Amino acid sequence: MALTILTVASPFAPVGADPENDGTAEQVAGAIDAALVRAGHRSVVIAPEDSAVAGTLIPLARVHGGAHGQAPDERAQAAVLRRVATVVAGAVEDHAPDLVHIHVRDFDALLPPQDVPVLATLYEPLDRYRPEALMSRRAKLHLQPVSAAQVRGASPGLTFLPPLEIGVAVDRLHIRVPKRRFAVCLGDIEPEMGFHIALDAARQIDMQLLLCGGLSRGAEEQRYLQEEIRPRLDPKRRFLGRIGFGRKRWMLGAARCLLAPSLMSEPTPVAALEALACGTPVVAFPTGALADLVEPGVTGFLVKDAEEMARAIEDCEGLDPDACRAVARARYSLDGMTERYLARFEELVAGGTAAAAGVA
C-alpha cells in the first residue's frame with residue numbers, strides 16, 4: 001500500500017542541508033523522508049527553505065532560533081508556531097496525507113484541524129514538554145517515544161506507543177584503526193552533560209581527553225564553560241569545539257572509550273550509539289537510555305562518580321571492539337530505524353495494533 005506521509009520539521013533547522021551537523025530530529029526526519037521515497041511512498045516535508053529532501057518540500061522561511069531549536073523567547077516562538085500551523089493545515093488540505101509526522105517539541109500547536117492520524121516523535125525528556133500536550137485526548141494523536149527509559153516512571157494516565165529507538169549511520173561510521181590511549185567526550189557543552197566529571201576522571205589516571213561539541217551563547221552554558229570546563233583544561237585535556245564527520249569518526253574509532261557522565265535522563269544518547277558503531281565502548285552514568293544501552297563488561301561500564309569512571313577507562317582496554325560494532329548494527333542502524341518507522345506508519349494508517357499498544 002503506497003502511503004502519503006506529511007513530515008513537519010522544525011522551522012529553526014533545515015533538514016538534509018548539512019547531514020554531518022544536523023540535530024537528531026533533523027537526521028531522523030531526513031532519513032525517513034529518503035526511506036519513504038525509496039520504498040515507493042509519497043513524502044511531503046514542511047521544513048526551512050534551505051532543506052534538501054528526497055520528497056516534495058513545502059518551504060518555510062528560515063527562522064534562526066535559540067537553544068534546543070526553539071525561538072529565543074516565548075512570544076517569537078508562538079508567532080512562528082502559528083505560521084507553521086497554518087502551513088500544516090494547508091498542506092493537509094492540498095496533499096491529503098495518510099498520516100502527519102511531527103518532529104517538533106511543541107507538536108500540540110501544529111496539529112491539523114482535519115481528521116488525520118498524527119504521529120509526534122518525542123526526542124527530549126518528558127519534563128521538557130507541556131503536561132497538557134502529553135495528556136491530549138485528541139483522537140488519532142499518537143506519541144512516539146525514542147527509548148523505554150524515556151517513558152519509564154511517566155505520570156499515570158499518559159499513553160505512548162512502543163518505543164522506536166534512534167538509529168545512526170553504522171556503515172558510514174564503520175572504521176578500523178589502532179586504539180590509542182585517549183578518551184573522548186562528545187556533545188553540546190551544557191551543565192547537564194557532566195563533562196567536568198569526565199575531565200576529573202581523566203586527570204586522575206593522567207589520560208588524554210578530547211572534548212568535542214558545540215557551545216550555545218546562553219548565559220548558563222557560557223558560565224559552565226568558563227567556571228567548570230576551562231579551569232580543568234591542560235595540554236592533555238583539551239576542548240576542540242565542533243568537529244567534522246571524518247575527524248569525529250577517526251577519533252571515536254581510535255579512542256579507548258567514550259565518556260558519557262550525563263546528569264539528566266537522556267532519551268537519545270546519539271554520541272554513545274556512534275561510538276559503538278565505531279567499535280568503541282562507553283563509560284556512562286546509569287541515567288536515561290544510557291542505563292539500557294551499556295552492557296557492563298561488553299559494550300562499556302556503568303559508573304556512579306569520577307573515581308569509578310577513572311577505573312572503568314582503564315578496564316575498557318580489555319573490551320572487544322567488534323562486540324560494540326555488533327550491538328550497534330543489530331539494534332541501532334539507521335536502516336533498521338527507518339524500516340520500523342515505515343511499519344509503524346502502515347499500522348497507524350490501518351488502525352492496527354501499534355495504535356492500541358501504548359504504555360500507560
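The values are calculated or read from the model by the stated rules, or taken from the named source; none is laboratory data. Note that this is a predicted model, so its numbers are computed, not measured. No Cβ is skipped: glycine too gets one built from the backbone with ideal geometry, and neighbour counts run over all protein chains shown. We work out accessible area using only protein heavy atoms, side chains counted, and drop any ligands, DNA or RNA first. Shrake-Rupley method; radii C 1.70, N 1.55, O 1.52, S 1.80 Å.
Normalised by the number of residues in the stretch 170-332, the mean separation of alpha-carbon contacts (under 8 Å, six or more apart) gives a relative contact order of 26 percent.
Under a point-charge model restricted to the Cβ atoms of Lys and Arg (+1) and Asp and Glu (-1), what is the dipole moment magnitude of the chain relative to its Cα centre, in debye to the nearest 20? Rounded to the nearest 20 debye, it is 580 debye. Fraction of C-alpha pairs exceeding 28 angstrom in the stretch 1-147: 11 percent, rounded to a whole number.
The slack in the chain from ALA326 to MET1, taken as 0.36 nm per residue of separation less the alpha-carbon distance, amounts to 113.7 nm. Close amide H partners of LEU209, meaning residues 5 or more places away or on another chain with modelled amide H under 5 Å apart, are ALA183, ARG237, ARG238.
Directionally averaged projected area (the chain, Cα convex hull): 17.0 nm². Distant-in-sequence amide contacts of SER216, defined by a placed amide H-H separation under 5 Å and a gap of 5 or more residues or a different chain, comprise ILE189. What's the carbon and sulfur percent of the chain's accessible surface, probe 1.4 angstrom, rounded to a whole number? Ligands and nucleic acids excluded, carbon and sulfur reach 51 percent. Take every pair of alpha-carbon atoms less than 8 Å apart whose residues are at least six positions apart; their mean separation over the length of the chain yields a relative contact order of 16 percent.
Between VAL45 and THR7, THR56, LEU57, ILE58, the built amide H atoms are under 5 Å apart, and every one of these is 5 or more places off in sequence or on another chain. Computed extension gain for GLU49 through ASP188, at 0.36 nm per residue and net of the alpha carbon distance, reaches 47.5 nm.
With protein chains left intact and a 1.4 Å probe, residues in the stretch 204-360 average 42 Å² of accessible area per residue.
Using the Karplus relation 6.51 cos²θ - 1.76 cosθ + 1.60 with θ = phi - 60°, the per-residue 3J(HN,Hα) values for the stretch 10-15 come to 5, x, 9, 8, x, 9 Hz, with x marking Gly and Pro.
Both radii are taken from the alpha-carbon atoms of the stretch 170-332; with Rh as the Kirkwood radius, Rg/Rh is 0.93. Would you work out which of LEU199, GLN27, GLY157 lies farthest towards the positive end of the dipole of the chain, given +1 charges on the beta-carbon of Lys and Arg and -1 on that of Asp and Glu, about the Cα centre? Towards the positive end, the residue furthest out is LEU199.
Along the stretch 134-146 the Karplus relation, 6.51 cos²θ - 1.76 cosθ + 1.60 evaluated at θ = phi - 60°, assigns HN-Hα couplings of 5, 8, 4, 9, 4, 4, 6, 9, 10, 9, 10, x, 9 Hz to successive residues, with x for each Gly and Pro.
For ASP335 and LEU158, the difference between the fully extended length at 0.36 nm per residue and the C-alpha to C-alpha distance is 60.8 nm.
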